[in-house]
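Structure, as structure tokens:
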Amino acid sequence: MKQSYKMVFVGEPGAGKTTCIAALSDIKPVTTDVGCTDELAMIKETTTVALDYGELDLGDQGRLLLYGLPGQSRFRFMFDVVRAGLLGVVILVDAASSHALDGLAETLETYADELRHLPCVLALNKHPDPPDTFKQQCQDLLRKHKLVTPILAVDARKRADVIRVFELLFVLLEYGSDGAPRQEAPAWL
């Protein structure tokens, strides 16, 4: 039986979690989207209420299970559902939203305890070149929660951009923030 590894996308509604999974997955992603009935309806038609799921075949090395979790605190319990075997986290931010920093703040408040123990990357989606001031504000929020993570701009619709995020995440997984190789890195890295 092939080895399975897990990666998680977290972020505010509309940040691009479902889109990232669709860009990477070798199977049609499973989603739990429902129609928005609250203030989100002004931003988007549907929202994820549990998780999104996809898979990426790694050949002889196994498969990568992809999960998208909502950033709101009421869905915090979903992290516990996917925790076992989790390799890392991609934090997504809708960098084009006027409420992006509020969404990031809520996501970090919800998941900061877990993020401190896992390799993670902050991916700024929906803006090709976010302003340096915005990146600095994101960095300040990360520091407030005692998190150190790379930040990069992505277009979640583009498989190459999402693969770039994973490559960076895998480098963090393999070497850690101190540059020393880690013993627990999967063989396919």
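Please compare each pair in 17/135; 28/144; 2/126 to a cut-off of 31 Å on the Cα-Cα distance and tell me which ones are over it. Please report the intermediate quantities before stating the final value.
Working: 17/135 20 Å; 28/144 37 Å; 2/126 35 Å.
With Cα atoms farther than 31 Å apart: 28/144; 2/126.
Measuring between their Cα centroids, region 4-22 and region 69-101 lie 8 Å from each other.
Neighbour counts of C-beta atoms inside 10 Å place 21, 151, 27 in the sequence 27, 151, 21, starting with the fewest.
How do 82, 90 line up, fewest other C-beta atoms within 10 Å first? Don't skip to the end; give the middle numbers.
Values: 82 16, 90 29.
By the 10 Å Cβ count, ascending: 82, 90.
Rank these for me by crowding, 146, 6, 126, going from fewest to most other beta carbons within 10 Å. If you can, show how the numbers build up before the last one.
Details: 146 10, 6 17, 126 21.
Arranged by neighbour count, lowest to highest, 146, 6, 126 become 146, 6, 126.
The label point for residue 60 and the one for residue 158, both projected 7 Å from the Cα toward the Cβ, are 3.3 nm apart.
Every read-out reported here was derived from the displayed coordinates using simple, explicitly stated rules and does not represent laboratory data. Everything quoted here is computed from the prediction, not taken from an experiment. Using ideal geometry, Cβ is built from the backbone for each residue, glycine included, and neighbour counts are taken over all protein chains shown.
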